[in-house]
Amino acid sequence: DALIDTIAELNSVVPYLDMPLQHISNPILKAMRRGVSRDRTERLLEKLRSRIDGVAIRTGFIVGFPGETDAQFQELYDFVEAQRFDNVGVFTFSPQDETPAAHLPGQLDQAIKDERRDALMTLQQGIHAAKSEQRVGDIIDVLIEGTHPEQPELLWKGRAATQAPEIDGCVIVTEAKGAKFGDIVPMEVVQAAGYDLVCEAV
């Protein structure tokens with residue numbers, strides 16, 4: 001609770017959290033030895049969102065863990081649909097000989113794991129697109145990071161507080177109005193472009 005309050009109160013802390021939840025079905029969490037439950041996770045997410053203004057939450061999930069049933073995957077799918085995370089990574093279970101999970105019964109075929117990963121990623125892509133569209137017209141602070149790699153003569157590349165380096169989308173800046181590398185500039189979101197936002201200085 002003290003850490004949550006600190007994040008909420010300090011302007012020098014970006015309200016962005018990466019929480020690798022891995023799964024939400026209690027039997028799978030127990031098999032993974034995560035030491036958490038669905039109820040505890042949902043209470044924590046509610047606490048974070050209610051106390052940290054504008055918090056962005058990224059998470060990651062593993063599908064196809066040994067013994068994962070269709071119903072348990074559906075539980076995870078429904079959870080992601082309901083929570084509407086800002087960013088999600090989905091990975092298929094990959095057995096490593098030195099880990100206990102590699103020797104558990106109920107190992108799944110790769111085709112099933114791939115199908116579940118694709119389904120969850122498709123769901124999240126739709127969620128991300130809808131959330132980005134809702135931001136059109138908003139004024140956000142953008143950190144100018146350099147020129148855009150694909151059109152360096154025309155566009156700047158930036159990053160909003162909801163975008164972690166290298167793993168999330170970026171801001172494509174169409175009008176910087178004299179801004180330069182390292183500046184933090186208030187900008188209007190004028191378009192959603194896949195995982196990126198198109199912005200111009202105000």
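The values are calculated or read from the model by the stated rules, or taken from the named source; none is laboratory data. Source: prediction; values computed, not measured. All Cβ positions, glycine included, derive from the backbone under ideal geometry; neighbour counts span all protein chains shown. Each accessible area value is taken on the protein alone, full model and side chains, heavy atoms only, with ligands, DNA and RNA left out. Shrake-Rupley method; radii C 1.70, N 1.55, O 1.52, S 1.80 Å.
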*Quote the charge dipole size of the chain about the Cα centre in Debye, to the nearest 20; the model charges only the Cβ of Lys and Arg (+1) and of Asp and Glu (-1).*
500 debye
*Nearest 10 degrees, 0 to 90: helix 70-83 Cα axis against the chain principal axis*: 20 degrees
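Using the 2.2 N^0.38 Å rule of thumb for compact globular proteins, work out how region 111-196 stacks up: its C-alpha Rg over that value, please.
On the way: Rg = 15.0 Å, N = 86, 2.2 N^0.38 = 12.0 Å.
My calculation over the Cα atoms of region 111-196 gives 1.26.
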*asked:* Need the C-alpha centroid separation for region 73-149 versus region 15-72, integer Å.
replied: 12 Å
*Based only on Cα atoms, what Rg/Rh ratio does the chain have, Rh being taken as Kirkwood's radius?*
1.03
*Starting from the Kirkwood radius over alpha-carbon pairs of region 70-146, derive D by Stokes-Einstein at 37 °C in a medium of 0.692 mPa s and give it in µm² s⁻¹.*
215 µm²/s
*Say we join alpha carbon atoms closer than 10 Å with springs in a Gaussian network model of the chain; which of E46, E81, E145 then has the biggest fluctuation?*
E46
*Just how many % of Cα pairs in region 1-59 lie over 17 Å apart, if you round to the nearest whole percent?*
43 percent
*Linear extension gain, L17 paired with A130, 0.36 nm per residue minus alpha-carbon span*: 38.6 nm
*Might you tell me the accessible area per residue for the chain, computed with a 1.4 Å probe and given in Å²?*
55 Å²
*asked:* Compute the helix-to-body angle for 38-51: its Cα long axis versus the longest principal axis of the chain, expressed 0 to 90° and rounded to tens.
replied: 20 degrees
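Could you look at region 34-131 and say what percent of its accessible area is carbon and sulfur, using a 1.4 Å probe and all protein chains?
On the way: 2520 of 5090 Å².
Answer for region 34-131 is 50 percent, counting heavy atoms of protein chains only.
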*Calculate how steeply helix 110-135 sits against the longest principal axis of the alpha-carbon atoms of the chain, using the helix alpha-carbon long axis, and give the answer as 0 to 90 degrees to the nearest 10.*
30 degrees
